[in-house]
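Here is the structure we will look at.
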Amino acid sequence: MRVLTKLEIHLIVKNLYKILGLRLNTFFKLLFKSNTLRIIKNDIFIFNKVILSEINEFSHSKILSLGIKLGKLYYGFSKVKVKINFFFLDFLSKFSVNRLWLKNCFSKKDIFRNRINSKYVSLLTYFDRSINIFFIFNFNSIFLGIGKLKNYYEYSSNNGTSFDIILLNSIFMKPVNFNL
């Protein structure tokens, strides 16, 4: 277990800014009041400072169960990538400003090529125009995934606007990590 380097912290902040936008400051203020980031075998974890200070000689599996996995670092030939874990996205959804709620009639078979059409969208909050990533919720406000706004155009008829949401990661997809 080790502390993150400046490059690794920069990569995490850069990827989280693409998701949260200006709410990133609020997220980090709340996060670092009582938590800290650590790396264990290229996995990035968030640990409580009090619990971490009391750990002396625990086994590796017990230490991992005390933290939240943020993601994983991948070292390539020319650059380092950070992949954010899907379950951490559920934690981040509390800080998001761009949210999308799907209609009650929406089901898994309505997804075509990882796209959701605007006719299944019940409510859309698009407060931060600098980011086009949305946190997707169902009618009961259960987090379903994260998506990107594509093909946004306006109709001149009564329908208003039409767009597609490209799913970047959701519970409907294979369990893979999210990479921006």
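Quick notes on this structure:
Here is a yes/no grid of residues against (1) at pLDDT 85 or above; (2) of a type outside the set (S, T, N, Q); (3) loosely packed, with under 11 Cβ neighbours inside 10 Å; (4) outside the structural domain of N25 (by TED's automatic domain parsing):
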| residue | (1), (2), (3), (4) |
| --- | --- |
| C105 | no, yes, yes, yes |
| N114 | no, no, no, yes |
| T125 | no, no, no, yes |
| I136 | yes, yes, no, yes |
| K148 | no, yes, no, yes |
| G160 | no, yes, yes, yes |
| I165 | no, yes, no, yes |
| P175 | no, yes, yes, yes |
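- Restricting attention to region 1-16, the residues that are surrounded by fewer than 16 Cβ atoms within 10 Å (Cβ to Cβ) and either touching a His at 6+ places or on another chain (Cβ under 8 Å) or assigned to a helix (DSSP H, G or I) (or both) total 6.
- Screening S107, S93 for residues that are more than 30 Å from I51 (Cβ to Cβ) and of a type outside the set (K, R) leaves exactly one candidate, S107.
- The number of residues in region 55-87 being in a helix (DSSP H, G or I), surrounded by fewer than 18 Cβ atoms within 10 Å (Cβ to Cβ) and at pLDDT 75 or above comes to 1.
The values are calculated or read from the model by the stated rules, or taken from the named source; none is laboratory data. Keep in mind that this is a model prediction, so the values were computed, not measured. Backbone-built Cβ (ideal geometry, glycine too); neighbour counts: all protein chains shown.
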